[in-house]
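Just so it is clear, none of the values below were taken in a lab; they were calculated from the coordinates. These figures come from a predicted structure and were not determined experimentally. Cβ atoms come from the backbone with ideal geometry, glycine included; neighbour counts cover every protein chain shown.
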Amino acid sequence: AIRTAVVTLLDQKRNIAALSLATELQSRHEAEPAAHAEAVRAALAAGQPTLARIYADHMVEAFPADPVAYVSLARALRAEGHVQEAVATLTSGLRTVDTVPIRLLRAEIILTSEPTLVSDGDNLVKEDLTRLRVTSAGNDVHRAHYFYLSGLRWERLGHSDRAAVEFDRAVRLRPTVPSYRARATAVD
């Protein structure tokens, strides 16, 4: 019930109240990774990335085989402006548990940051997109995000025609996602 209340409060943009409940949820269910993930999400929504990082650090320590822990920590680090550290966290997570969400977030962070902020970023994105081409199949949410990221990469490489095709594919799979629609419209 507390988790449902946290989600509802976050949806209503009542972030401070959500953070308060998420902290309670986390303390009541210390053995549940989802409780910690909600606390990180609520802290980020409340504009407290340092608190989110503290929660996520604990999460990685307590649940090293849970991909959500690495995703949560990377989001907190990115919110603090530590892009290289966020990418390093996700790379570390991939050595432990190679999952689609980790690869999607790593590629997203690299492609939406200044190219010089992540050393070897181009190769990491190429590696992620190559793997995601196969592993994202069968899940429309993941597949649409893969196409969106592929479009960003083609755009970065100066191939706007190819980028437009990828953005269009993302929109066809998930027509209500504003960032996909904005990119497809911008390239047209």
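Okay, helix-only estimate at 222 nm for the chain: each DSSP H run of n ≥ 4 adds -39500 (n - 2.57), divide by all residues, round to 500 deg cm²/dmol; what do you get? Could you put the intermediate results ahead of the total?
On the way: 11 runs with 146 residues, N = 188.
Estimated from H runs of four or more residues: -24500 deg cm²/dmol.
Dipole size in debye (nearest 20) for the chain around its Cα centre, Lys and Arg Cβ +1, Asp and Glu Cβ -1?
Values: 23 positive and 23 negative charges, 101 e Å.
Dipole about the Cα centre, nearest 20: 480 debye.
Would you kindly derive the ³J(HN,Hα) couplings of region 151-162 from the backbone phi angles with the Karplus curve 6.51 cos²θ - 1.76 cosθ + 1.60 (θ = phi - 60°), listing them in order in whole Hz, with x for Gly and Pro?
x, 4, 5, 4, 4, 4, 7, x, 10, 5, 5, 5
Using alpha carbons only, how many angstrom separate the centre of region 141-188 from the centre of region 1-31?
33
Could you list the trypsin sites (Lys or Arg not before Pro) in region 5-77 that lie in coil according to DSSP, counting only those with at most 11 other Cβ atoms within 10 Å of their Cβ? Show your work: numbers first, answer last.
On the way: sites: K13, R14, R28, R41, R53, R75; in loops: K13, R14.
Passing both the DSSP loop test and the Cβ count: K13.
On alpha-carbon atoms, Rg over Rh for region 1-68 using Kirkwood Rh? Walk me through the numbers before you get to the answer.
Working: Rg = 10.9 Å, Rh = 11.5 Å.
The Rg/Rh ratio comes out at 0.95.
Output ³J(HN,Hα) for region 86-103: one whole-Hz value per residue in order, computed from phi by the Karplus curve 6.51 cos²θ - 1.76 cosθ + 1.60 with θ = phi - 60°, and x for Gly and Pro.
Going residue by residue, I get 4, 5, 5, 4, 5, 5, 4, x, 5, 5, 8, 8, 8, 10, 4, x, 5, 5 Hz, with x marking Gly and Pro.
When 1/r is averaged over all different Cα pairs and the result inverted, which Kirkwood radius in Å belongs to the chain?
On the way: mean 1/r = 0.0579 Å⁻¹.
Its Kirkwood hydrodynamic radius stands at 17.3 Å.
Output the Cα-based Rg and Dmax of region 73-145 in Å, rounding Rg to one decimal and Dmax to a whole number.
Here Rg and the maximum Cα pair distance are 11.7, 34 Å.
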